[in-house]
Amino acid sequence: MPFPIDFSSPQVVAPVCNSADLDFLSSTSAAHHCDIIELRLDSLSDQLDPIETLLSDHHPNLPILATARHPDEGGDGSLDAAARQQLYARFLPQIDALDIELRSVDEMSDTLEAARSAGKKIILSFHDFKSTPSISTIQDKIEAAIDAEADVCKIAVHLDSLDRLCELAQVCENETRIKISLMGMGPLGKISRLLFAKAGSALNYGYLATPNAPGQWPAKQLKNLIGEI
């Protein structure tokens, strides 16, 4: 059963990255914590059978987003394009959206075509864990996502300057051609996730059992805070 994703209001995404997250998801009503579950397939390569059991027997009744992250953008296991495509192909029938890096659009074209044909939502992403790229670089990433017909352009960057925080919020608020998912990591990560959600960020990431990026809120707390602002 497909679960449509509502991009018209800020959605809280909770990544599932390890066995603790899977156990949490199996024992807790996820809808109290988040709006979307993200399966980090690159981090769960030894948990693929339990994931299939979860989705078939204990589905969280929320949209499922799948990611098999490129190793140069935080992916685990040094998975090459072929291995990541196999993961996507295995779970494509059971998911509602997938997230592929902008750098991987060409080499993952078959996966993207299959996802579009199956009616899945496409998030194209860019991650910089060390710095905040220039606004022109951010705009280039957005243009690339638009050209590739993404539903959402996701941008996650290290953020330690209030000036850059405000500049990025303006980019998010002013972009009308494509939905933006924007988040900071590092010293201003937590405040950025609230500000960017207020500025229109479509997908906003928190954690279930354990954080998987610097600057994350617990998903339930993030969901409550976004509801208040």
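Annotation: of all residues in segment 28-39 being more than 15 Å from Thr53 (Cα to Cα) and of a type outside the set (Val, Ile, Thr), the one that is surrounded by the most Cβ atoms within 10 Å (Cβ to Cβ) is Cys34. Taking the conditions (1) free of Cβ contacts under 8 Å to residues at least 60 places away in the same chain; (2) crowded, with 17+ Cβ neighbours inside 10 Å; (3) under 30 Å from Ile138 (Cα atoms) in turn, Ile51 satisfies each one other than (3).
Residues in segment 11-27 that are more than 17 Å from Ser125 (Cα to Cα) and touching a residue at least 40 places away in the same chain (Cβ under 8 Å) were compared, and the one that is surrounded by the most Cβ atoms within 10 Å (Cβ to Cβ) is Val16.
Residues checked against (1) under 21 Å from Ser43 (Cα atoms); (2) touching a strand residue (DSSP E or B) at 6+ places or on another chain (Cβ under 6 Å):
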residue	(1), (2)
Leu102	yes, yes
Asp128	yes, yes
Ser134	no, no
Val152	no, yes
Cys166	no, no
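Of all the residues in segment 186-216, those that are in a strand (DSSP E or B) and either at pLDDT 95 or above or surrounded by fewer than 19 Cβ atoms within 10 Å (Cβ to Cβ) (or both) number 4. The residue list Asp151, Asp163 contains one member that is farther than 21 Å from Asp99 by Cα and either within 19 Å of the chain's Cα centre (by Cα) or without any contact (Cβ under 8 Å) to a residue 60 or more places away in the chain (or both), which is Asp163. Taken over segment 45-58, the criterion of being within 19 Å of the chain's Cα centre (by Cα) and part of a loop (DSSP other than H, G, I, E, B) is satisfied by Ser45 alone.
The residues of segment 15-54 that are in contact with a Lys or Arg (Cβ under 9 Å, 6 or more places away or on another chain) and under 12 Å from Leu208 (Cβ atoms), listed by number, are Pro15, Val16, Cys17, Asn18, Asp21, His32, His33, Cys34, Arg40.
For the criterion of being over 22 Å from Ser9 (Cα atoms), buried (at least 20 other Cβ atoms within 10 Å of the Cβ), touching a residue at least 40 places away in the same chain (Cβ under 8 Å) and acidic (Asp, Glu), Asp42 passes. Is it the case that Ala169 is closer than 26 Å to Asp23 by Cβ, touching a Phe, Trp or Tyr at 6+ places or on another chain (Cβ under 7 Å) and crowded, with 16+ Cβ neighbours inside 10 Å? It is false that Ala169 is closer than 26 Å to Asp23 by Cβ, touching a Phe, Trp or Tyr at 6+ places or on another chain (Cβ under 7 Å) and crowded, with 16+ Cβ neighbours inside 10 Å. Selection of segment 125-184 for residues being out of contact with any Gly (no Cβ under 7 Å at 6 or more places or on another chain), farther than 27 Å from Ala66 by Cβ and in a loop (DSSP other than H, G, I, E, B) yields Ser131, Thr132, Ser134, Ser161, Thr176.
Close Cβ contacts (under 6 Å, 6 or more residues apart or on different chains) running from residues in segment 103-115 that are more than 13 Å from Ala150 (Cβ to Cβ) to residues that are of a type outside the set (Lys, Arg) comprise Glu107/Ala81; Thr111/Gln85; Thr111/Tyr88.
Let me confirm something: among Ile122, Ile138, Ile155, which residue is surrounded by 15 or more Cβ atoms within 10 Å (Cβ to Cβ) and closer than 23 Å to His59 by Cβ? Among Ile122, Ile138, Ile155, only Ile122 is surrounded by 15 or more Cβ atoms within 10 Å (Cβ to Cβ) and closer than 23 Å to His59 by Cβ.
The values are calculated or read from the model by the stated rules, or taken from the named source; none is laboratory data. Just so it is clear, the structure is predicted and the values come from calculations on it, not from any experiment. For neighbour counting, all protein chains shown are included, and Cβ atoms are generated from backbone atoms with ideal geometry for every residue, glycine included.
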